[in-house]
Each structure stands twice: as structure tokens, then as C-alpha cells.
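First the structure, in the form of C-alpha cells, and then the observations on it.
Every number in this text was worked out from the coordinates using simple rules, so none of it is lab data. Treat the numbers as computed from the prediction; the structure is a model and nothing was measured. Neighbour counts are summed over all protein chains in view; Cβ atoms, including those assigned to glycine, are modelled from backbone coordinates with ideal geometry.
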Amino acid sequence: MTDSQNIKDLVRANEEYVKNFPKESSGLDPRPSRKLLIVTCMDARFHPSSAFALALGSTHIVRNAGGTAEEALPSIRVSQHKLGTEELLLIKHTKCGMYPDEGPDEIRERVIGDVNLLRNHGEVKGSISGWLYDVDTGEASRVV
Ligand SMILES: [Zn+2]
């Protein structure tokens, strides 16, 4: 079996990454240093680590189609109850493939709905905020 071009590219890129892997990133604690959890969409136009300058070991990032809170609940439980995160950002974005007919205002309503779901959920705790990310500008703005 021959590797696809993607696999060849990824292997090559990872070899470079390993060569430059910073020593201080080795042996990090599994509990995120910022005690921060981001729940967001899997959309390829949004890289939370780049958009927010997140260092390795600092933040949990849970991704699924649409950045839906309900689907993320099992991971949120582990993040908060086993690995100590205390602040949750739920981030949806413009032009989401899950909601192709919805504009920014409708996506904001979805953010509010998901944040309310999380705030009223008995097992979810801590600070919870909701955000909208613009895939055309890179700007994240707080909704709630
Ligand atoms: Zn999306």
C-alpha cells in the first residue's frame, strides 16, 4: 500500500516539527495551564491555537460539526471534572457548513442557546461565555 500525498506531506511536516520541538513543551501536565476549555466547530477555516496564540499545554479544544454544546458534553465533563478546566468558551463561526442558510445574527442566536444549555446543565460549572468567529476577518467577538 502506498501512502497518499497527504500522508507523505504530513510525515515530512512532522519530521520538521519534531526537529524544532521546544524542550519546554516536553513533560507538560495534562491539566491545561490556563484552565481553559474551548468548544468549537471543526471548520477548517478556524484554528483556535493560531487565532488566540494558545501555547501547547494551555487549553483544551473540543471540536465537532457546528460546535454544538450537547455533542461536546462528554468531553466537557472530562475536561472540567478530571482535568480541572474552569473557564469555557463556546465559539461558533460565520458561514458554517452546518448552517449554510444562516447569517451572523442567526448563528449568534445559536451561540446564546448553547450557552444557556451549558449554564443550566447540572454537570457543567465555571465561567461560560459565547463567541462568534468571522472566518473572513479572523475576528472573534463576544456574544454572551
Ligand atoms: Zn462550522
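Any residue at all in region 23-37 that's touching a residue at least 24 places away in the same chain (Cβ under 8 Å) and within 19 Å of G138 (Cα to Cα)?
So far as region 23-37 goes, no, none of its residues is touching a residue at least 24 places away in the same chain (Cβ under 8 Å) and within 19 Å of G138 (Cα to Cα).
Which of the residues spanning region 105-141 are farther than 19 Å from A72 by Cβ and either of a type in the set (K, R) or crowded, with 17+ Cβ neighbours inside 10 Å (or both)?
Let us first name the residues in region 105-141 that are farther than 19 Å from A72 by Cβ, namely 105-106, 134-139, 141.
If the condition is that a residue be farther than 19 Å from A72 by Cβ and either of a type in the set (K, R) or crowded, with 17+ Cβ neighbours inside 10 Å (or both), then no residue fits.
Search region 81-104 for residues being of a type in the set (A, V, I, L, M) and within 16 Å of the ligand (Cβ to nearest atom), and hand back the single one that is surrounded by the most Cβ atoms within 10 Å (Cβ to Cβ).
Out of the qualifying residues, it is L90.
Among (1) over 18 Å from F52 (Cβ atoms); (2) without any contact (Cβ under 8 Å) to a residue 24 or more places away in the chain, which single condition is E139 missing?
Here E139 clears every test but (1).
For region 37-80, how many residues meet the condition of being away from the ligand (no atom under 16 Å from the Cβ) and either acidic (D, E) or surrounded by fewer than 20 Cβ atoms within 10 Å (Cβ to Cβ) (or both)?
Residues meeting the conditions: 14.
Any residue in region 57-72 that is within 17 Å of H93 (Cα to Cα) sitting within a Cβ distance under 7 Å of a residue that is among the charged types (D, E, K, R) and surrounded by fewer than 17 Cβ atoms within 10 Å (Cβ to Cβ)? List the pairs, counting only those 6 or more apart or interchain.
Taking only residues 6 or more apart or on different chains, the pairs are N64/E71.
Just checking, does region 17-30 include any residue being loosely packed, with under 13 Cβ neighbours inside 10 Å and either within 13 Å of the ligand (Cβ to nearest atom) or closer than 28 Å to L132 by Cβ (or both)? Spell out the reasoning first.
Just the residues of region 17-30 that are loosely packed, with under 13 Cβ neighbours inside 10 Å, to begin with: 17-27, 29-30.
Then keep just the ones that are either within 13 Å of the ligand (Cβ to nearest atom) or closer than 28 Å to L132 by Cβ (or both); that gives none.
Checked against the condition, which is being loosely packed, with under 13 Cβ neighbours inside 10 Å and either within 13 Å of the ligand (Cβ to nearest atom) or closer than 28 Å to L132 by Cβ (or both), region 17-30 yields no hits at all.
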